[in-house]
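Here the structure is laid out as structure tokens; the discussion comes afterwards.
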């Protein structure tokens, strides 16, 4: 085999491996959406992706590694969406409210995926925080455009935790319009309005 033929073959193998990994992740995400983490097994994922039984184990050490990879991709996608929100031709408060609502809508449309994103992997406890870092930085830039850099982290924490709580309550069925006479959209609009228009003076953190 000559060097001229080695390079294309190596490239082809890498491309094939990348396609297999992509197929496995897509299959796992579909199973997750249908039945939650319990529905995701490496055997079922391989079967759904149309690959050999051994193929999933060449890409992921175990089920937790596969689920962690799905969560990491989801955080990356959220970061991309937040970056796009920052470029919208809209008032800063509108961009912020859109970003918060996207979090709630993810929980509404893909609850198992949403909850997976906040699971701490046992084999790598820091994986979630690392994956979320870029998304949270993008989110903080949206908050800073409304409240200023000095207050961005304080109000960012307030808004993000509130949106997360709203999403989880809606997933669990405890936040219904019949019970509370309000909607997640109304709650987020109220929160952003309060932060945007009725902020107390900035306080110094010791």
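The values are calculated or read from the model by the stated rules, or taken from the named source; none is laboratory data. Quantities reported herein were computed from a predicted structural model and do not represent experimental measurements. Positions of Cβ are backbone-derived with ideal geometry, glycine not excepted, and every protein chain shown enters the neighbour counts.
Evaluate the range 139-148: report whether one residue or more is within 14 Å of the chain's Cα centre (by Cα) and in the same structural domain as residue 72 (by TED's automatic domain parsing). Scanning the range 139-148 turns up at least one residue that is within 14 Å of the chain's Cα centre (by Cα) and in the same structural domain as residue 72 (by TED's automatic domain parsing).
Contact annotation: residue pairs with Cβ atoms under 7 Å, 6 or more positions apart or on different chains, pairing a residue in the range 113-127 that is closer than 24 Å to residue 30 by Cβ with a partner that is not in a helix (DSSP H, G or I), are 127/121. Kindly provide the set of residues from the range 74-106 that are within 25 Å of residue 20 (Cβ to Cβ) and either surrounded by fewer than 15 Cβ atoms within 10 Å (Cβ to Cβ) or out of contact with any helix residue (DSSP H, G or I) (no Cβ under 9 Å at 6 or more places or on another chain) (or both), ordered by number. Answer for the range 74-106, where residues must be within 25 Å of residue 20 (Cβ to Cβ) and either surrounded by fewer than 15 Cβ atoms within 10 Å (Cβ to Cβ) or out of contact with any helix residue (DSSP H, G or I) (no Cβ under 9 Å at 6 or more places or on another chain) (or both): 76, 77, 80.
Does residue 193 satisfy being in contact (Cβ under 8 Å) with a residue 40 or more places away in the chain, within 24 Å of residue 83 (Cα to Cα) and over 16 Å from the mean Cα position of the chain (by Cα)? So that I can check it myself, show each step before the final result.
On the way: in contact (Cβ under 8 Å) with a residue 40 or more places away in the chain: yes; within 24 Å of residue 83 (Cα to Cα): yes; over 16 Å from the mean Cα position of the chain (by Cα): yes.
Criteria met by residue 193.
Among helices (runs of 4 or more DSSP H) lying entirely in the range 29-102, which contain 1 or more residues that are modelled with pLDDT of 95 or more and under 19 Å from the mean Cα position of the chain (by Cα)? Quick ask: steps written out before the conclusion?
Working: elements: 42-49, 55-59, 63-86.
Those helices (runs of 4 or more DSSP H) span 63-86.
Being under 17 Å from residue 62 (Cα atoms) and surrounded by fewer than 12 Cβ atoms within 10 Å (Cβ to Cβ) is a condition met by at least one residue of the range 36-47.
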